[in-house]
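Below you will find the structure I want to go over with you.
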Amino acid sequence: MTATGVSSARTVEDTEGTVRRPYGPVILGVFLALLVVALVAGVAIGPLRLAPGAVLDIIAAKLGVGEATGYTAAEVSVVWDIRLPRVLLAALVGSALAVSGAALQGLFGNSLADPGVIGVTAGASLGAITAIVLGLTVLGSWTVPGMAFIFGLITTGLIYALARPGRKGGTVQLLLVGIAITAVTGSVNGFFTYIADTTELESITYWSMGSLNRASWTTLAAGLPFYVAGVVAVLSLAKPLDVLALGERQAHHVGRNVRRTRILLIVASALVVGAAVALAGSIGFVGLVVPHIVRLLIGPGHRWLLPLSAVGGALMLVVADIGARTLNPPSEVPIGLFTGLVGGPFFLWLLFRRRTEMRA
Amino acid sequence: MTPVLQAEGLNVVLGTNHVLKNVDLDVHAGRLTTLIGPNGAGKSTLFAALSGDLEPSSGHVLLQGREVRSYRPKQLALLRSVLPQDHLVRFSYSVEEIVQLARLSHAPDPDRDAQIVADSLAAAEMAGMRRRDVQTLSGGEMARTAFARTLAQTTPVVLLDEPTAALDLRHQEVVLRHARRLRDEGACVVVVIHDLNLAAAYSDRVVMLQHGAIVADGPAEQVLTAERIGAVYRQRVLVTDHPTRGCPMVVTVD
């Protein structure tokens, strides 16, 4: 009897196009567990292969928990000085790119708004390169991320002014602005390449391709404050980001100060992109792929989209980095090329799927 | 009784176009007022000025005696809700999630909020589709979702811009019946509408605009005369009595 009642109730409910919302904490737990596994694997895998247990022993000992006896100095150094900063950097950069992607997509109301695609990364890179070539040291080790943040901020503001959501042109306008900004920063970068000396040239090449091989505790420390400040700010904007999905006018109707939200979002995403770019140069498409997959898993609500993107982005880049290091040892494939290879086709697929599904 | 919403000497100039010319309008609580007029008469502009979206070139819009654009967004959202004509939602939110956003500015009260959202969905006949992905809705279903969202804001002033435009016959009546219920509960309801018969059936007061000015203002039977409609809309009509509703009925003729 009960079963009949339930099934008849089901037929009343229109189930076509129904959304499912899995329980957020469960997915977050799974993501975090996978991330821990990937981090340990990232430290264990390399020319000097280590057992996961050894990795955990050495890290624990360095943190003052227990003792790591029976490991060579080389093994300890590989774990603590080389690989751990490297995987943590990959995690931080991947997380930053995915969070900024999710935030920019909410701001522009467009799921194609990846920081690389719309030109924010290019602007931030220009800031970093300017700092290097001009030898700026105003803020000490924070000069490069600071300049990346400032340039990223200006660029995001400019893109926003030129391709405001809700205006005519929509996606096309946004992508064209991205192309134009990338072209302009590209030629300025080209000029810097032209006047740079050999060591600067190396840095510039590394920036424009995207790479994690500058990882050290010092570089991590330089980027961390920007990342933390930006991510905390973005996470606190989860509710306003949901409201922005109604469009700016309607967001105002339900009581959101849209101007303030917009400014906060631009600053917060520039902080996060600035951190990522200063530490690893331009690594594309993480900000596009990760939020998209998370939305498919749990829906567009930013309360879960943002933290899951933060963890998912870290996971993606740590795994991609393991791939980049082991594909052709001992040399490593620049990770930017690696993510581009996956992300480029994904971007095209998104673009064409949108074209066929909806014309707006 | 002091008016809830007042426009005083409202002028709006967009480029070289004088869209609103010295418009004065007072609307009161417990009344359903419709704004009618041909395309380009200035209805939507007046609506945008009343809702606080548009800054008039001169003149004032006062909501409960205070300049509408001087309110903070959150305060304003507790006083007036707006159903705009375009309701594009980004990303695959569910119908229910969109309606829940209307509770943003209210002090959180989970049980009450859930009840209001459920009632609003039911009033718009969207309860059965509450878990649907808004990206998969038809134009009319999207419009009803937006109407439910407007209701869930539970404000004393409700502004509806062509709420029936995308709707089928039944849902046009459903939406306006509910607007009239809000009026009965004491709300000040302002509706921009094209369908003169719906305006005649549901309004306490009809305000007709032409060329950016109010040309007639009063009960439907006074405003909707064949002569006036013919002149303002440049379309010959006959006006008879509605067979059951006791209001005028407008029929176009060749």
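For every residue, the table says whether it meets (1) at pLDDT below 95; (2) more than 22 Å from A:Arg256 (Cα to Cα).
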{"position": "B:Ser44", "(1), (2)": "yes, yes"}
{"position": "B:Leu63", "(1), (2)": "no, no"}
{"position": "B:Ala77", "(1), (2)": "no, no"}
{"position": "B:Asp119", "(1), (2)": "no, yes"}
{"position": "B:Ala124", "(1), (2)": "no, yes"}
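Still on this structure, please answer the following. If you check A:Gly274 against the conditions, is it away from chain B (no Cβ under 14 Å) and either touching a Phe, Trp or Tyr at 6+ places or on another chain (Cβ under 8 Å) or not polar (S, T, N, Q) (or both)?
Yes; evaluated as a whole, the condition is true for this residue.
Another question, then. Of the numbered conditions (1) part of a helix (DSSP H, G or I); (2) within 18 Å of the chain's Cα centre (by Cα); (3) within 13 Å of another protein chain (Cβ to nearest Cβ), B:Gln75 satisfies every one except a single condition; which is it?
All conditions are met except number (2).
Follow-up question, since we're still on this one. Quick check on this structure: which one of B:Val239, B:Val215 is outside any loop (DSSP other than H, G, I, E, B) and either buried (at least 18 other Cβ atoms within 10 Å of the Cβ) or out of contact with any strand residue (DSSP E or B) (no Cβ under 8 Å at 6 or more places or on another chain) (or both)?
B:Val239
Now, a different point. Is it the case that the stretch B:22-29 has a residue that's more than 20 Å from B:Val215 (Cα to Cα) and either of a type in the set (A, V, I, L, M, F, W, C) or buried (at least 16 other Cβ atoms within 10 Å of the Cβ) (or both)?
yes
Name the pairs: first residue in the stretch A:249-276 and free of Cβ contacts under 8 Å to residues at least 40 places away in the same chain and over 14 Å from A:Ala238 (Cα atoms), second residue of a type in the set (S, T, N, Q) and assigned to a helix (DSSP H, G or I), Cβ to Cβ under 9 Å, at least 6 apart or on different chains?
Within 9 Å, the pairs are A:His253/B:Ser51; A:His253/B:Thr150; A:Gly255/B:Gln75.
Out of the stretch A:23-55, which residues are outside any helix (DSSP H, G or I) and touching a residue at least 24 places away in the same chain (Cβ under 8 Å)?
Those that are outside any helix (DSSP H, G or I) and touching a residue at least 24 places away in the same chain (Cβ under 8 Å): A:Ile45, A:Gly46, A:Pro47, A:Leu48, A:Leu50.
Taking the condition in a helix (DSSP H, G or I) and buried (at least 22 other Cβ atoms within 10 Å of the Cβ), does A:Ala113 pass?
No: the conditions fail for A:Ala113.
Taking the conditions exactly as written (touching a helix residue (DSSP H, G or I) at 6+ places or on another chain (Cβ under 8 Å), closer than 14 Å to A:Leu97 by Cβ and away from chain B (no Cβ under 14 Å)), does A:Leu279 satisfy them or not?
For A:Leu279, the condition - touching a helix residue (DSSP H, G or I) at 6+ places or on another chain (Cβ under 8 Å), closer than 14 Å to A:Leu97 by Cβ and away from chain B (no Cβ under 14 Å) - is met.
Considering each of B:Ser105, B:Ser120, B:Ser138 in turn, give the residue that is under 29 Å from A:Arg295 (Cβ atoms) and facing chain A (nearest Cβ under 8 Å).
On inspection, the qualifying residue turns out to be B:Ser105.
Could I ask something else about it? Of A:Val294, A:Val286, which residue is within 14 Å of chain B (Cβ to nearest Cβ), touching a residue at least 60 places away in the same chain (Cβ under 8 Å), touching a Ser or Thr at 6+ places or on another chain (Cβ under 9 Å) and surrounded by 24 or more Cβ atoms within 10 Å (Cβ to Cβ)?
Going through A:Val294, A:Val286 in turn, just one is within 14 Å of chain B (Cβ to nearest Cβ), touching a residue at least 60 places away in the same chain (Cβ under 8 Å), touching a Ser or Thr at 6+ places or on another chain (Cβ under 9 Å) and surrounded by 24 or more Cβ atoms within 10 Å (Cβ to Cβ): A:Val294.
Yes or no: A:Thr11 within 14 Å of another protein chain (Cβ to nearest Cβ), assigned to a helix (DSSP H, G or I) and modelled with pLDDT under 95?
The answer is yes for A:Thr11.
Can you tell me which of B:Glu173, B:Glu221 is more than 30 Å from B:Asn17 (Cα to Cα), in contact with a Cys (Cβ under 8 Å, 6 or more places away or on another chain) and either among the small types (Gly, Ala, Ser) or surrounded by fewer than 18 Cβ atoms within 10 Å (Cβ to Cβ) (or both)?
Of the residues listed, the single one that is more than 30 Å from B:Asn17 (Cα to Cα), in contact with a Cys (Cβ under 8 Å, 6 or more places away or on another chain) and either among the small types (Gly, Ala, Ser) or surrounded by fewer than 18 Cβ atoms within 10 Å (Cβ to Cβ) (or both) is B:Glu221.
Related question: Here are B:Leu32, B:Leu54, B:Leu50: which of them is under 19 Å from B:Gly212 (Cα atoms), within 15 Å of the chain's Cα centre (by Cα) and of a type in the set (A, V, I, L, M, F, W, C)?
B:Leu50
Looking at (1) of a type outside the set (Ser, Thr, Tyr); (2) over 27 Å from A:Pro307 (Cα atoms); (3) at pLDDT below 90; (4) part of a loop (DSSP other than H, G, I, E, B), which is the one condition that is false for A:Ile132?
A:Ile132 satisfies all of (1) of a type outside the set (Ser, Thr, Tyr); (2) over 27 Å from A:Pro307 (Cα atoms); (3) at pLDDT below 90; (4) part of a loop (DSSP other than H, G, I, E, B) except (4).
I've got another one for you. Does B:Leu50 satisfy the condition of being crowded, with 23+ Cβ neighbours inside 10 Å and away from chain A (no Cβ under 14 Å)?
No; evaluated as a whole, the condition is false for this residue.
For the stretch B:1-39, how many residues meet the condition of being in contact with a Cys (Cβ under 9 Å, 6 or more places away or on another chain) and touching a residue at least 60 places away in the same chain (Cβ under 8 Å)?
9
Which is over 30 Å from A:Ile181 (Cα atoms) and either surrounded by fewer than 17 Cβ atoms within 10 Å (Cβ to Cβ) or aromatic (Phe, Trp, Tyr) (or both), of A:Leu63, A:Leu84?
Just a single option satisfies the conditions, and that option is A:Leu63.
Only one residue in B:Gly15, B:Gly37, B:Gly65 is more than 14 Å from chain A (Cβ to nearest Cβ), buried (at least 16 other Cβ atoms within 10 Å of the Cβ), over 15 Å from A:Gln250 (Cβ atoms) and of a type in the set (Gly, Ala, Ser), so which one is that?
B:Gly37
Also, I was wondering about something else. How many residues does the stretch B:82-94 contain that are under 13 Å from A:Leu246 (Cβ atoms) and either facing chain A (nearest Cβ under 7 Å) or assigned to a loop (DSSP other than H, G, I, E, B) (or both)?
Residues flagged as under 13 Å from A:Leu246 (Cβ atoms) and either facing chain A (nearest Cβ under 7 Å) or assigned to a loop (DSSP other than H, G, I, E, B) (or both) within the stretch B:82-94 amount to 9.
In addition: Being under 22 Å from B:Thr34 (Cβ atoms) and within 10 Å of chain A (Cβ to nearest Cβ) is the filter; apply it to the stretch B:141-154 and report the residue that is surrounded by the fewest Cβ atoms within 10 Å (Cβ to Cβ).
Among those residues, the one meeting the criterion is B:Gln153.
What are the residues in the stretch B:188-200 that are in contact with a Pro (Cβ under 6 Å, 6 or more places away or on another chain) and surrounded by fewer than 23 Cβ atoms within 10 Å (Cβ to Cβ), if any?
Within the stretch B:188-200, none qualify.
Within 16 Å of the chain's Cα centre (by Cα) and either of a type outside the set (A, V, I, L, M) or closer than 19 Å to B:Leu160 by Cβ (or both) - does that describe any residue in the stretch B:86-107?
Yes, the stretch B:86-107 contains a residue that is within 16 Å of the chain's Cα centre (by Cα) and either of a type outside the set (A, V, I, L, M) or closer than 19 Å to B:Leu160 by Cβ (or both).
Which of the following residues is in contact with a Leu (Cβ under 7 Å, 6 or more places away or on another chain), in contact (Cβ under 8 Å) with a residue 12 or more places away in the chain and of a type outside the set (Lys, Arg): A:Leu104, A:Leu126, A:Leu112, A:Leu97?
On inspection, the qualifying residue turns out to be A:Leu112.
If you take the residues in the stretch A:194-247 that are of a type in the set (Gly, Ala, Ser) and within 14 Å of chain B (Cβ to nearest Cβ), which one is surrounded by the most Cβ atoms within 10 Å (Cβ to Cβ)?
That would be A:Ala245.
The values are calculated or read from the model by the stated rules, or taken from the named source; none is laboratory data. Values in this document were obtained by computation on a predicted structure and should not be read as measured data. Glycine also receives a Cβ, built like all others from the backbone with ideal geometry; neighbour counts cover every protein chain displayed.
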